[in-house]
Amino acid sequence: MRFLHPRTTRSVNGRRTRYLGIASSLRESIRDGQLAAGEYLPSSRELSRQYQVHRHTVLVALDTLLSEGWVVAEPRRGYRVCPQVPEAQAKRDRGSAVFRGFRIVRAGSSLPASVDEVPYPLHAALADPALIPRRELRAAYAHVLERPRSRIFDQLDDRGLRELRNAVSVYLRRVRAVVPEDLLLTHGSQEAISLVAQALLAPGDGVAMEEPGYPPARDAFRAAGAEVLPIPVDAQGLSIEHLRAALDKQKSKVRLVYVTPTHQYPTTVSLSGTRRDELLGLTLERGIPILEDDYDHEYHYRGSPPAPLAASGAPHVLYVSTFSKLIGPTFRVGWIAARPELIDALVQLRRTSTRANDAVTAAALADWMQDGGFERHVRRARRCYAERCAAAVDSLELLRQDGLIEFQAPSGGMSIWARFPGIDSERLAARARERGVLVAPEYLLGVRGRGNGVRLAFARLAPARFREAVAILAEVARC
Ligand SMILES: Cc1ncc(COP(=O)(O)O)c(C=O)c1O
């Protein structure tokens, strides 16, 4: 006796729905021709042996198929496959022959979100998970979960949990000199950037941003239908001269300026004091909001980090930041500080998608911040990355002496921007990848799609591993 479609007959609801699995298995056997039109099905006794169920269960399954028109009952002879496939199925089959796929009307990002498992991941400037104080975090989560009758389990606050909003506001005021008028907790910086893009940009509007710049932000602006205007970056950060020229040329079109002034992505250059003032003045005068992405503020290794643009109190600065670099990218908690009328609009927009943040994680982070554990962790991480930065600079120094690369030792950040004169970043990245070294090449980071720069992230790697990766890069660049 041949076996029909092998398919589990177990069901999540247990015995009472087991017949559904058998009916479905028989349907598939008819559909794929194991049981031909007009053919008799095995006897119910035989089927009950095959499926290892009671004969009654088989009879219920057969009854289902009978009512759907898959089989016909022949008195005293059993069940036979119906000569015609049931109409509903025929319709589905006809439909799948003409269905040409979905019409996708919104562009997303083509960049992969995950970190590839490679020996030398120098492409993503991620926080080192080994530094996360798991015991402290576990205690914070436990503390939250053990609270009797806590309102975090039933009250959704669409601005984000009040305790965390307060803790973040206090932290920003004290550590970054930013005094938020209003604050919305988001799923990382990315949700904040995306919400701003949706709220402020109409199709055809322009967004001025640094070139090379942060691809996920560019993707969010483009997804809102905006055109990205690349503004060059030099040793003092965004070129205000070029920005002014772009604004003059595209006068009515530019609706937003996106910048990473503390450590420019990907070069890590800090925007100079003079340019900060010029940028604030120019955009205010033209009525164009600034979206300031201050993603790794604390990791500044030469003196104090420069004050964020938002610390000026200028009304048109929207300040975005995140726990991604401070704890890890899987803690999807970030925030945007802005004027209340904009925050209201973002809250309403967010109701159409993610609605609110996870309150349990928010409560645990608030707990951890109030306890002082968070700042202890940040101080420790900063010390570690400062050491790794110095070691990374030493490793690259040898390549500079050989004339292979050009770079500036960064004042902060989690990566180093290096140029390989005469070598195309796409080719270099492809060859390095074959040797297990991933880098972020300039051709992926800019609108121009080329260049000889690569971003080498050091934060997540022990100095010895970074040195090994640099040695491989040097070999690749030489040949
Ligand atoms: C420029 C920039 N902004 C923001 C982030 C953090 O994004 P998120 O908070 O969505 O993880 C990163 C992380 O790579 C970044 O490089």
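Where a number appears in this text, it was derived from the coordinates with a stated rule and is not lab data. The structure presented is a predicted model; accordingly, all values stated were derived computationally and were not measured. Note that we place each Cβ from the backbone using ideal geometry, even for glycine, and neighbour counts take in every protein chain shown.
Using only the alpha-carbon atoms of the stretch 76-206, report the extent along each of the three principal axes, biggest first, to the nearest angstrom.
83, 51, 42
Between the alpha-carbon centers of the stretch 327-393 and the stretch 418-476, tell me the distance in whole angstrom.
A separation of 29 Å, based on Cα centres.
Treating only the Cβ of Lys, Arg, Asp and Glu as charged (+1, +1, -1, -1), what charge dipole size does the stretch 336-479 show about its Cα centre? Round to the nearest 20 debye.
140 debye
Can you say what percent of the DSSP beta bridges in the chain, counting only those with both residues inside, are antiparallel? Round to 5. Before the final figure, lay out the partial values.
Numbers: 26 of 45 bridges.
Counting only bridges with both partners in the chain, antiparallel ones make up about 60 percent.
For the stretch 410-416, what does the Karplus curve 6.51 cos²θ - 1.76 cosθ + 1.60, with θ = phi - 60°, yield as ³J(HN,Hα) per residue in whole Hz, taken in order and with x for Gly and Pro?
For the stretch 410-416, the Karplus curve yields x, 7, x, x, 10, 8, 10 Hz.
With a point put 7 Å past each Cα toward its Cβ, work out how far Arg376 is from Leu398 in nm, to one decimal.
Spacing of the two 7 Å Cα→Cβ label points: 3.9 nm.
Please report the antiparallel percentage of DSSP beta bridges with both residues in the stretch 109-264, rounded to the nearest 5.
15 percent
Convert each backbone phi in the stretch 289-298 into a coupling constant with the Karplus relation 6.51 cos²θ - 1.76 cosθ + 1.60 (shift: θ = phi - 60°), then list the ³J(HN,Hα) values in order as whole Hz, x for Gly and Pro.
x, 9, 9, 9, 9, 10, 8, 9, 3, 5
Averaged over all directions, how much area does the convex hull of the C-alpha atoms of the stretch 272-331 cover when projected, in nm²?
On the way: hull surface 18.9 nm².
The directionally averaged projection comes out at 4.7 nm².
Which aspartates and glutamates, on any chain, are close to Lys253 with Cα under 19 Å apart, when same-chain ones fewer than 8 places away are left out?
Reachable aspartates and glutamates: Asp205, Glu210, Glu211, Asp219, Glu227, Glu241, Glu285.
Quick check: convex hull of the Cα atoms in the chain, volume per residue, rounded to a whole Å³? Numbers along the way, then the final one.
Values: hull volume 106.9 nm³, N = 479.
Cα-based convex hull of the chain, divided per residue, equals 223 Å³.
Arrange Tyr40, Tyr443 by Cβ neighbour counts within 10 Å, fewest through most, would you?
Numbers: Tyr40 13, Tyr443 20.
In increasing order of surrounding Cβ atoms, one gets Tyr40, Tyr443.
Length gain on complete extension for the stretch Arg106 to Arg174, per 0.36 nm per residue less the alpha carbon to alpha carbon distance? Numbers along the way, then the final one.
On the way: separation 68, 0.36 × 68 = 24.48 nm, distance 4.05 nm.
Full-extension gain reported as 20.4 nm.
What are the semi-axes of the equivalent ellipsoid for the stretch 392-471, taken as the square roots of 5 times the Cα gyration tensor eigenvalues, largest first, in whole Å? Walk me through the numbers before you get to the answer.
Working: eigenvalues 69, 39, 35 Å².
Square roots of five times the eigenvalues give 19, 14, 13 Å.
Kindly state, to the nearest 0.05, the FRET efficiency for His143 paired with Phe99, given R0 = 35 Å and r defined as their beta-carbon distance.
Details: r = 52 Å, r/R0 = 1.49.
After rounding to 0.05, the efficiency reads 0.10.
Give me the Debye-computed log₁₀ of I(q)/I(0) at q = 0.10, 0.15 Å⁻¹ for the stretch 302-452, equal point scatterers on Cα only, no solvent, two decimals.
Log10 I(q)/I(0), no solvent term: -0.59, -1.11.
Sorted from fewest to most neighbouring beta carbons within 10 Å, what does the list Leu238, Leu280, Leu201 look like?
Values: Leu238 29, Leu280 16, Leu201 21.
Ordered by Cβ neighbours within 10 Å, fewest first: Leu280, Leu201, Leu238.
Taking the Cα-to-Cβ direction at Ile132 and at Tyr40 and moving 7 Å from each Cα, how far apart do the two end points lie in nm?
Simple spin-label model gives 6.3 nm for this pair.
Which residues' amide hydrogens lie under 5 Å from the amide hydrogen of Ser411, considering only partners 5 or more residues apart or on another chain, with H built in the peptide plane?
Distant-sequence amide H within range of Ser411: zero hits.
Any idea what log10 I(q)/I(0) is at q = 0.13, 0.19, 0.23, 0.25 Å⁻¹ for the stretch 133-208, Debye with uniform C-alpha scatterers and no solvent?
Computed log10 I(q)/I(0) values: -0.62, -1.05, -1.20, -1.22.
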